[in-house]
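Asks: Quick one: the structure is below, questions incoming.
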Amino acid sequence: MKLPRFDYAAPATLAEAIALLARGNAKALAGGQSLIPTMAFRLAAPAMLVDLARIPGLDKIQIDENGVKLGARVRWRDIERDARLKSAHPLLVAAIAQVAHYQIRNRGTVGGSLAHADPAAELPGIAVTCDAEILISGSRGKRIVRAGQFFTGPLSTVLADDELITEVRLPAWPANRRWGFEELARRRGDFAMAGVAAFYDADEEGKARNAHIGVIGACSKPHRIAQAEAALNGRVVDAAAIQAAARAAEKALEPPGDLHASAAYRRSLAGTLLERVLGGAR
Ligand SMILES: Cc1cc2nc3c(=O)[nH]c(=O)nc-3n(C[C@H](O)[C@H](O)[C@H](O)COP(=O)(O)OP(=O)(O)OC[C@H]3O[C@@H](n4cnc5c(N)ncnc54)[C@H](O)[C@@H]3O)c2cc1C
């Protein structure tokens, strides 16, 4: 289907982009991989698209002792090709490897994915699991929102119409951290029916500390499962601890049922994926 009519602007600065958005009925355009199909299906009909392509500084990946900073216009392909990230944030790399297909990976961006807020998308799940910070600029200035507070439901966030994501910051990744990511999709590259990201740090006695367990695709937004984290913290991660965490996760989740999978299937899938993640944690 042809797109509805719209005006197009490609501002050269962030301030200009925000001013255009503040006029109303405008949408930021990043990779276009979610926005353009949404417009084609007439689910959105903004009067203006504000292309972020010319704004400098949004396409950088920075790594230092505080962690990883991904500019809003960093693409999945950029993450995949940055060899430093394999040690700086292996969980991010493993999760992003599951995103979509080749063509979409060449265009889809960090900021677009966070703003689009699909409950099954990988990056929002990693951001929530890792307590990432999302940097936002708008007409009223800048703010930083924790990923856990950023997503408010399916395809909705705390972003105002005149706000743009500029960066996401993932805290530093200790070298001895144990982690894993698993998801199940009907076909490779499709959105997952459910996915689980998890990590923990092992203390001198080999017991798990600081467990972070996040789920995608099994709820209205990505979120951490506190009950599963509590079941793991303070225990040696053996078969009994893994079972306890997986059953706690299943009990805590209230997934939706849809044409792809029933609620019961998704709940069970999330538990099984968590077992696999913890059983294979590197
Ligand atoms: C067939 C298909 C399969 C896919 N499979 C997956 C998958 O498995 N996993 C996955 O995670 N994703 C998947 N995607 C989505 C893909 O990763 C998208 O590219 C991504 O979600 C949106 O990024 P974008 O840069 O294309 O954003 P756009 O489509 O340009 O924009 C999406 C939304 O974000 C807003 N926006 C963009 N940038 C900003 C910003 N900096 N600040 C504020 N708002 C902004 C736009 O206004 C729009 O509302 C799939 C898409 C398709 C078409």
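The values are calculated or read from the model by the stated rules, or taken from the named source; none is laboratory data. It should be emphasised that the depicted structure is a prediction, and the values quoted were computed from it without experimental measurement. We place every Cβ from the backbone using ideal geometry, glycine too, and count neighbours over all the protein chains shown. Please note that ligands, DNA and RNA were not included when accessible areas were found on the heavy atoms of the full protein model with its side chains. Shrake-Rupley method; radii C 1.70, N 1.55, O 1.52, S 1.80 Å.
Asks: Report yes if Leu52 is within 11 Å of the ligand (Cβ to nearest atom), out of contact with any Phe, Trp or Tyr (no Cβ under 7 Å at 6 or more places or on another chain) and under 15 Å from Gly108 (Cα atoms), otherwise no.
Replies: Considered against the rule, which asks whether it is within 11 Å of the ligand (Cβ to nearest atom), out of contact with any Phe, Trp or Tyr (no Cβ under 7 Å at 6 or more places or on another chain) and under 15 Å from Gly108 (Cα atoms), Leu52 comes out as yes.
Asks: Contact list please: Cβ distance under 6 Å, first residue in segment 120-145 and within 30 Å of Glu16 (Cβ to Cβ), second residue among the hydroxyl-bearing types (Ser, Thr, Tyr) and open to solvent by 10 Å² or more (accessible area, probe 1.4 Å), pairs at least six apart or on different chains.
Replies: Ala121/Ser113; Leu123/Ser113; Leu135/Thr166; Ser137/Thr166
Asks: Considering each residue of segment 83-107, count those that are in a helix (DSSP H, G or I) and over 17 Å from Cys130 (Cβ atoms), and give that number.
Replies: 4
Asks: Search segment 185-200 for residues being open to solvent by 60 Å² or more (accessible area, probe 1.4 Å) and within 16 Å of Ile96 (Cα to Cα), and hand back the single one that is modelled with the highest pLDDT.
Replies: Phe191
Asks: Of all residues in segment 1-40, which are over 18 Å from Asp162 (Cα atoms) and either more than 9 Å from the ligand (Cβ to nearest atom) or of a type in the set (Ser, Thr, Tyr) (or both)?
Replies: Answer for segment 1-40, where residues must be over 18 Å from Asp162 (Cα atoms) and either more than 9 Å from the ligand (Cβ to nearest atom) or of a type in the set (Ser, Thr, Tyr) (or both): Met1, Lys2, Leu3, Pro4, Arg5, Ser34, Thr38, Met39, Ala40.
Asks: Mind listing whichever residues of segment 225-281 are in contact (Cβ under 8 Å) with a residue 60 or more places away in the chain, small (Gly, Ala, Ser) and open to solvent by 20 Å² or more (accessible area, probe 1.4 Å)?
Replies: Selection gives Gly280 alone.
Asks: On to the next question. Under 8 Å by Cβ, and 6 or more places apart or on different chains, what pairs join a residue from segment 85-105 that is closer than 16 Å to Glu183 by Cβ and open to solvent by 20 Å² or more (accessible area, probe 1.4 Å) with one that is in a helix (DSSP H, G or I) and more than 12 Å from the ligand (Cβ to nearest atom)?
Replies: Val93/Glu80; Val93/Leu85; Val93/Lys86; Ala97/Glu80; Arg105/Glu80
Residue-by-condition table, conditions (1) within 17 Å of Gly148 (Cβ to Cβ); (2) within 16 Å of the ligand (Cβ to nearest atom):
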site	(1), (2)
Ala194	no, yes
Gly214	yes, yes
Val236	no, no
Ala239	no, no
Ala244	no, no
Leu253	yes, no
Gly271	no, no
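Asks: State all residues of segment 173-197 that are under 14 Å from Leu91 (Cβ atoms) and among the aromatic types (Phe, Trp, Tyr); if no residue qualifies, say none.
Replies: Trp173, Trp179, Phe181
Asks: While we're on this one: What is the residue count in segment 252-267 for residues that are within 15 Å of Ala185 (Cα to Cα), assigned to a helix (DSSP H, G or I) and more than 22 Å from the chain's Cα centre (by Cα)?
Replies: Adding up the residues that qualify gives 1.
Asks: In segment 108-179, which helices (runs of 4 or more DSSP H) lie fully inside it and hold 3 or more residues that are within 13 Å of the ligand (Cβ to nearest atom) and either buried (at least 21 other Cβ atoms within 10 Å of the Cβ) or within 14 Å of the chain's Cα centre (by Cα) (or both)?
Replies: Counting at least 3 such residues, we get 110-116, 122-129.
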